[in-house]
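The values are calculated or read from the model by the stated rules, or taken from the named source; none is laboratory data. Owing to the predicted nature of the structure, the values given are computational and were not obtained by experimental measurement. Heads up, the Cβs are rebuilt from the backbone with ideal geometry, glycines too, and the neighbour counts pull from every protein chain shown.
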Amino acid sequence: MILKKIALTLAFILSATTISANEKMVPSPLLMMDELFSHHVLIAEKSTHQLHLYEFKNDRPQLIRTYDMATGKKAGDKIFQGDHRTPEGIYHFVDFLTHADLIKRHGEEKGKIYGVGAFVMNYPNIIDSREKKTGSGIWLHSTNDETRIEKGLDSRGCIVTANTHLIDIAKYIELYKTPIVVVHDLKFLKESTWRKKRQKVAKTINDWLDAWRSEDIKKYIEQYHEEFNDPNRGNKSQFRQYKRAVFSQPGQPLIDIKNVNVFQVDDYAVATFQQAYESNTIQDLGKKTLYLKRDAYYNWKIVSEQWSKHGIDSDSTVAFQPSMRFFKTQNPVQIMGDLLENPNGNRSEEGNN
């Protein structure tokens, strides 16, 4: 049963760990990974201009390789449109634009600067919108002039890497699944500390799920932050009234979750999982995303939540295999032709980010 599987996973997370001088170090943003939504994760470290590719293996993240990258012309987190900064946070790829798409959309002179292709990131995400950040068009893309990457700070907010590197990275990406975590400095934790942090987030998720199943309105609402706001149901007080009415209906819902993954940047975390819900009136399967923030007592609480069908259309029982799903060749010249062979010609700026 899914519930039993979750319980066993949580028990493993809570298991004791002996601290030693040889204890393994784990990247702090990657609290939980799974084989469906985060079989691979990208971490962009802005201070070193390095893009790290991790895979989920043996219940922990393992580094596959590292690529050089360029980011926004100005240091710091993105705040407003046109500030030439790369946003910091937890994002997913929601679209892919081929070289042909870019030329058709922007024309040859401007389209060629994006190289062989571009992966569109979901900036601004819910947290960005809550913090009143503006801007759009934040992509992971390549370039027709790879000397830009050596500069480090050279884009209007996008993440830029070499063409062959983007083609290689693309083998590990699934739209609406593969996350990219953008930080200024990548920090590492002792494995024992990492497991304790996992335990704290797992407790909130499991308490939330238990209360929802039992329709315990008090315990359920306790898992939500005072700053919680739902775009359809309003603030926490309004959301409580709505849920109280739902819980008063006859029968209890059947709810199962699996493929839980959690990432943390600074004071917020994002948990994503597959959710199956069944009541007297509704039966549905989708991807639930919980955005969490610590309260004044350092407990993780939900500040927003999102449900969608994206990312669950494939067979979750089939293990992910890297493949050339976005490109037909590994040779950038076959994609760009002379636009790549003459990289030092007139170069237009990127779009307004």
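Being farther than 30 Å from Ile312 by Cβ and modelled with pLDDT of 95 or more is true for just one of Val181, Val201, Val160. Which residue is that? Give the steps one after another, and end with the answer.
Values: Val181 fails: farther than 30 Å from Ile312 by Cβ; Val201 fails: farther than 30 Å from Ile312 by Cβ.
Criteria check complete, one pass: Val160.
Could you tell me whether the stretch 37-45 includes any residue that is in contact with a Gly (Cβ under 7 Å, 6 or more places away or on another chain), in a loop (DSSP other than H, G, I, E, B) and of a type outside the set (Ser, Thr, Tyr)?
From the stretch 37-45, those in contact with a Gly (Cβ under 7 Å, 6 or more places away or on another chain) are 37; that's our starting set.
Imposing the further condition that a residue be in a loop (DSSP other than H, G, I, E, B) reduces the set to 37.
Okay, now just the ones that are also of a type outside the set (Ser, Thr, Tyr), so 37.
Checked the stretch 37-45: at least one residue is in contact with a Gly (Cβ under 7 Å, 6 or more places away or on another chain), in a loop (DSSP other than H, G, I, E, B) and of a type outside the set (Ser, Thr, Tyr).
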How many residues are charged (D, E, K, R) and in contact with a helix residue (DSSP H, G or I) (Cβ under 8 Å, 6 or more places away or on another chain) when one looks only at the stretch 111-165?
-> 4
Breaking point among (1) out of contact with any strand residue (DSSP E or B) (no Cβ under 7 Å at 6 or more places or on another chain); (2) surrounded by fewer than 19 Cβ atoms within 10 Å (Cβ to Cβ); (3) not in a loop (DSSP other than H, G, I, E, B), for Ile113 = (2)
Would you check if there is a residue in the stretch 188-207 being buried (at least 16 other Cβ atoms within 10 Å of the Cβ) and at positive phi?
-> no
Hey, could you check the stretch 46-72 for residues that are part of a loop (DSSP other than H, G, I, E, B) and of a type outside the set (Gly, Ala, Ser) and say which is nearest to His310 (Cα to Cα)?
-> Asp59
When Thr66 is run through (1) touching a strand residue (DSSP E or B) at 6+ places or on another chain (Cβ under 8 Å); (2) touching a residue at least 24 places away in the same chain (Cβ under 8 Å), the failure sits at (2)
Number of positions in the stretch 203-230 that are touching a residue at least 40 places away in the same chain (Cβ under 8 Å) and farther than 13 Å from Trp300 by Cα = 5
Lone qualifier among Ala100, Ala70 - being at pLDDT 95 or above and in contact with a Ser or Thr (Cβ under 7 Å, 6 or more places away or on another chain) | Ala70
From the list Ala100, Ala75, which residue is small (Gly, Ala, Ser) and outside any loop (DSSP other than H, G, I, E, B)?
-> Ala100
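The rows are residues; the columns are (1) closer than 23 Å to Lys24 by Cβ; (2) out of contact with any helix residue (DSSP H, G or I) (no Cβ under 6 Å at 6 or more places or on another chain).
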position: Ile167; (1), (2): no, yes
position: Lys171; (1), (2): no, yes
position: Lys197; (1), (2): yes, yes
position: Ala202; (1), (2): yes, no
position: Ala211; (1), (2): no, no
position: Ile217; (1), (2): no, no
position: Glu222; (1), (2): no, yes
position: Lys236; (1), (2): no, yes
Of the numbered conditions (1) outside any helix (DSSP H, G or I); (2) over 21 Å from His92 (Cβ atoms); (3) among the aliphatic types (A, V, I, L, M), Val246 fails exactly one; give the number of that condition.
-> (1)
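Do you know which residues across the stretch 212-226 are surrounded by 14 or more Cβ atoms within 10 Å (Cβ to Cβ) and either closer than 24 Å to Asn125 by Cβ or of a type outside the set (Ser, Thr, Tyr) (or both)?
Hits for the stretch 212-226 are Trp212, Arg213, Glu215, Asp216, Ile217, Lys219, Ile221, Glu222, Gln223, Tyr224, His225.
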Close pairs (6 angstrom Cβ cut-off, 6 or more residues apart or separate chains): exposed (fewer than 13 other Cβ atoms within 10 Å of the Cβ) in the stretch 243-255, of a type outside the set (S, T, N, Q) anywhere | Leu254/Glu278
Take the stretch 183-202 and flag every residue that is without any contact (Cβ under 8 Å) to a residue 12 or more places away in the chain and among the charged types (D, E, K, R).
-> Lys196
Restricting the first residue to the stretch 169-182 and requiring it to be outside the structural domain of Lys46 (by TED's automatic domain parsing), which pairs with a second residue that is of a type in the set (Asp, Glu) meet a Cβ separation below 6 Å and a spacing of at least six or different chains?
-> none
What do you reckon, is Trp139 under 25 Å from Gln62 (Cα atoms), outside the structural domain of Lys73 (by TED's automatic domain parsing) and of a type outside the set (Lys, Arg)?
-> no
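List the strands (runs of 3 or more DSSP E) inside the stretch 260-340, counting only whole elements, that have at least 1 residues being assigned by TED's automatic domain parsing to the domain that holds Trp208, surrounded by 14 or more Cβ atoms within 10 Å (Cβ to Cβ) and touching a Leu at 6+ places or on another chain (Cβ under 7 Å). Before the answer, list the steps.
Numbers: elements: 268-278, 283-294, 300-308.
Hits in the stretch 260-340: 268-278, 300-308.
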